[in-house]
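Worksheet: one structure, shown below.
Here, each number is a calculation from the coordinates, and none is a lab measurement. These numbers come from a predicted model, not from an experiment. Methodologically, a virtual Cβ is constructed for each residue, glycine included, from the backbone with ideal geometry; neighbour enumeration extends over all protein chains shown.
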Amino acid sequence: MKETWSKLRKQPLFMPILMLILVLLINLFKDPGFFSIAVKNGVLYGRLIDVLNRGSEIAILAVGQTLVIAVSAGTDISVGSVMALAASGGCMVLAGYGNTSVTGIVAPIAVGVIVGLLFGLGSGCINGLMVSKLKIQPMVATLIFFTAARAIGLLLCNNQIIYIRYEPYKYLGNFLPHVPIPTPILVTILIIIIAQLVLKRTSLEMYIQSVGINNRASRICGINSDMICFICYAICGLCAGAAGMIASSRIYSADSNNIGLNYEMYSILAVALGGNSLAGGKFNMAGSIVGAYTIQAIMTTLLALGVSTDQSPVFMAILVILIVVIQSPVFKKWMEERRVRRAEAGKEAA
Amino acid sequence: MANNRQTAVRSKKRVSGNNLLLLITIVLFIVMYAAGCIVYSAKGFTHFQTFLNILITNAGLICVACGMTCVMLTGGIDISVGSLIAMDCMILADGMTNKHWGAIQLVIFVMIVGVVWGSAQGFLVAYMNIQPFIVTMAGMFFGRGMTAVINTEQVSITQDVNKLFYGWANAKIKLPEFLGYMGKKHRIAPFIRPSVILALLVVVLIFFILRYTKFGRVLYAVGGNETSAAMMGLNVRKTKLCAYILSSVLCSFGGILYCLNTMTGSVQQAKGFEMDAIAAAVIGGTLLTGGVGNVIGTLFGVLITGTINSLVMTNGKLLSSWANIMTAALLCIFILLQAIFAYIKKRRES
């Protein structure tokens with residue numbers, strides 16, 4: 001029994017899943033109705049589905065953020081703003097420049113979505129160039145888009161909120177006709193599968209970890225480390241674009257000021273919660289995704305407990321600090337010393 | 001760069017490169033202001049009062065950017081300043097309006113909050129070895145959330161609420177009349193607020209601390225090379241802790257000046273302020289890698305961002321988001337310049 005327990009504890013996914021279960025347990029005591037899933041109007045309905053649905057954006061961002069953190073030991077803090085930029089770009093193309101509220105669209109939806117994704121990819125590429133070629137600290141390089149992307153989004157929308165009251169545009173963020181599962185969940189599953197295929201079927205995952213662990217050694221081994229770093233930032237930008245389009249479709253509008261607000265923090269938090277070191281190197285994608293849903297579960301729980309959305313960042317901040325402190329080498333060393341001291345004391349007593 | 005006095009001969013190249021950045025900043029400010037004077041002379045941009053208004057609006061930012069410079073000198077970053085300012089303003093506004101506390105007690109309380117805030121962040125960064133960005137990002141969320149916990153509504157400080165604070169905010173210091181412009185009948189003397197004088201005093205104080213005190217010299221040494229600073233017997237951790245405390249205290253002071261200018265407290269206040277402060281410091285020639293920087297440059301950085309805002313406002317037709325984009329573009333250019341200088345220096349050394 002003890003052996004299985006210690007084996008289980010060594011699993012990389014142990015801590016993330018434990019945290020998710022803990023959060024869900026709070027709900028079990030507070031309100032068992034949290035777990036009920038019903039079918040209403042032909043679609044699935046319930047708080048759990050809500051967590052999976054609302055957590056989609058964070059999960060998608062976490063996929064990109066994991067790679068960025070692994071490869072460069074830095075974070076891409078522009079993802080939230082880039083989400084807003086992608087949403088604004090996509091909606092601008094669909095509605096036509098200068099229109100604020102349209103019932104029909106001027107371009108096919110696919111074009112709008114692709115434009116949104118391209119905006120994300122473009123921002124990611126610029127970030128990647130600055131980090132990989134110009135050797136600027138990742139946080140500082142992405143700081144530029146952190147400020148500029150929302151402002152550019154506002155320019156694209158002529159400083160207004162574009163509403164696209166066109167039924168098919170809502171499919172991406174809500175429900176496809178005759179499909180009971182919310183579309184964002186399906187999109188997230190698709191993106192995760194693609195990411196896994198790309199990482200596992202090619203040597204990209206190994207290269208990323210190698211560059212993250214030691215950039216110079218990898219270069220000497222013949223890996224184009226600048227290129228790997230660039231690719232990771234580009235993927236992160238693309239993920240931000242996809243998340244932005246989903247967020248925009250959810251509210252069938254492009255609100256550049258509010259889409260993706262604080263999401264950079266959530267994505268970083270998801271990676272940290274997933275048991276990944278923020279110092280780069282080895283990564284565990286599944287952990288990040290579990291982390292993303294944990295965050296959404298926490299937010300839904302807080303909302304269910306009656307904490308306002310403005311106040312919930314306090315809990316998030318405390319959580320982040322707890323996680324990074326527990327992860328920090330200083331704390332680990334201190335715990336280790338304590339354990340050794342205890343063992344010695346135990347021996348003496350015996 | 002006075003600590004290079006002993007090694008002035010050897011580090012001449014580096015000093016000239018850094019002075020060049022400062023020079024570019026000052027020239028840029030003069031060119032930008034002159035261009036503004038020529039283009040918008042009809043709209044009163046040439047008046048001396050316009051320049052003073054830039055100082056009045058940015059008095060808080062000047063203090064915050066000085067603190068940010070100190071932190072950046074150690075190679076760290078503090079992105080919690082915007083939230084801390086929002087929290088300070090809310091404490092002041094809510095304390096006066098709803099709790100009827102005195103202005104002086106509240107100002108002292110806010111300064112104490114600054115010390116505690118800085119100590120907590122500094123401890124986590126210096127003694128727990130956690131990345132400054134993550135710590136201060138948690139601080140950013142915590143501050144914004146706490147602001148909402150204190151009060152979710154917008155609170156204004158009016159004359160009835162606190163006469164003393166209102167008096168501070170509206171005190172005018174008249175300058176000699178010949179500096180003013182012709183009104184309808186007689187020359188209108190330009191004026192400044194006491195907050196400007198306080199902010200400029202802070203700049204002078206920090207300038208002297210950085211240049212002539214032991215603490216200031218150690219800050220440069222720690223930022224230049226942490227390992228060699230530690231080998232020289234300097235207390236790296238304590239210095240870092242002090243830098244964060246200094247930053248938060250200056251930020252709290254800046255928050256009071258900011259509140260004197262806006263006279264409100266709200267959750268959405270001072271969003272993106274950290275970005276302005278970082279941009280000002282970077283444009284002023286502070287290296288993000290630490291060890292190089294000067295508050296005089298930072299002062300000019302603030303003036304440049306202030307001038308951009310003022311230009312966009314004077315134009316009247318441009319969207320306000322243009323100011324953000326311009327600042328981000330300038331930030332981008334200066335980061336690139338820094339990267340180029342670093343590259344040249346590296347090539348010369350090898």
Taking the simple approach of a point 7 Å from Cα along Cα-to-Cβ for both residue B:187 and residue A:165, what is their distance in nm? 6.0 nm
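Across the residues of A:145-158, average count of Cβ atoms on other protein chains within 10 Å?
Numbers: counts 2, 5, 13, 10, 3, 4, 11, 4, 1, 6, 6, 0, 1, 1.
The per-residue average across the peptide is 5.
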Rounded to two decimals, what is the ratio between the C-alpha radius of gyration of the range B:107-169 and 2.2 N^0.38 Å? 1.49
Two decimals is fine: what's Rg over Rh for chain B, C-alpha atoms, Kirkwood radius as Rh? 0.98
Run the numbers on chain A and let me know its relative contact order in percent, using alpha-carbon pairs under 8 Å that are six or more apart. 30 percent
By the gyration tensor of its Cα atoms, with a ≥ b ≥ c the square roots of the eigenvalues, what is the shape of the range A:236-338: rounded for a/c under 1.5, prolate for a/b over b/c, or oblate? oblate
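Would you kindly state the longest site-free stretch of chain B, with sites defined as trypsin sites (Lys or Arg not before Pro) in a DSSP loop (not H, G, I, E, B) surrounded by at most 12 other Cβ atoms within 10 Å? Each step should come with its number before you reach the end.
Working: sites that count: B:5, B:10, B:99, B:172, B:184, B:185, B:317.
No qualifying site falls inside B:186-316, the longest such stretch.
What Kirkwood Rh does the protein assembly as shown have if only Cα atoms enter the pairwise 1/r average? Answer in Å.
Numbers: mean 1/r = 0.0371 Å⁻¹.
By the Kirkwood definition, the hydrodynamic radius is 27.0 Å.
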Projected onto the charge dipole of the range A:310-350 (unit charges on the beta-carbon of Lys, Arg, Asp and Glu, signs +1, +1, -1, -1), the Cα from A:320, A:349, A:331 with the largest positive-side position is that of A:349
Partner shielding of B:321-328, as the mean number of partner chain Cβ atoms within 10 Å, equals 6
Obtain the nm distance between the two label points defined at residue A:134 and residue A:31 by a simple spin-label model: each point lies 7 Å from its Cα along the Cα-to-C-beta direction. 4.8 nm
Averaged over B:124-133, how many beta carbons belonging to a partner chain fall within 10 Å of each residue's beta carbon? 5
Mean Kyte hydropathy of 0.0 or more with a Cα span along the axis of at least 20 Å, helices from DSSP in chain B: B:12-39, B:59-73, B:81-97, B:103-126, B:132-150, B:194-212, B:236-262, B:295-315, B:321-349
In whole angstrom, note down how far apart the Cα centers of the range A:36-89 and the range B:67-122 are. 33 Å
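If the chain between residue A:339 and residue A:97 were fully stretched, how many nm would it gain, using 0.36 nm times the residue separation less the Cα-Cα distance?
So the extension gain works out to 80.7 nm.
Once the mean 1/r over all distinct Cα pairs of the range A:96-222 is inverted, what Kirkwood radius in angstroms do you read off? Write down the numbers at each step before the final one.
Details: mean 1/r = 0.0548 Å⁻¹.
For the range A:96-222, inverting the mean 1/r across all distinct Cα pairs yields 18.2 Å.
Would you tally the net charge around residue B:265, using a Cβ to Cβ cut-off of less than 13 Å, leaving residue B:265 out, and scoring K and R as +1, D and E as -1? All intermediate terms of the calculation are to be shown ahead of the outcome.
Details: positive: B:99, B:144; negative: B:88, B:94, B:153.
Within the 13 Å Cβ shell, the charges total -1.
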Table column - 3J(HN,Hα) (Hz), the range A:184-190, Karplus curve with 6.51, -1.76, 1.60, x for Gly and Pro: x, 4, 4, 4, 4, 4, 4
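Take the Cα radius of gyration of the range B:130-248 and divide it by 2.2 N^0.38 Å, with N its residue count; two decimals is plenty. Each step should come with its number before you reach the end.
Numbers: Rg = 22.1 Å, N = 119, 2.2 N^0.38 = 13.5 Å.
Relative to the 2.2 N^0.38 Å estimate, the range B:130-248 comes out at 1.64.
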Label-point separation, residue B:214 to residue A:197 (7 Å along Cα→Cβ), nm: 6.5 nm
Put +1 on the Cβ of every Lys and Arg and -1 on every Asp and Glu Cβ in the range A:37-306; which of A:188, A:70, A:302 then has its Cα farthest towards the positive end of the dipole? A:70
Residue-averaged 222 nm ellipticity for the protein assembly as shown, from DSSP H runs of 4+ at -39500 (n - 2.57), nearest 500: -23000 deg cm²/dmol
Can you give me the pair-distance distribution of the range A:37-306, C-alpha pairs, 5 Å bins, whole percents? 1, 7, 13, 17, 18, 16, 13, 8, 4, 2, 1, 0
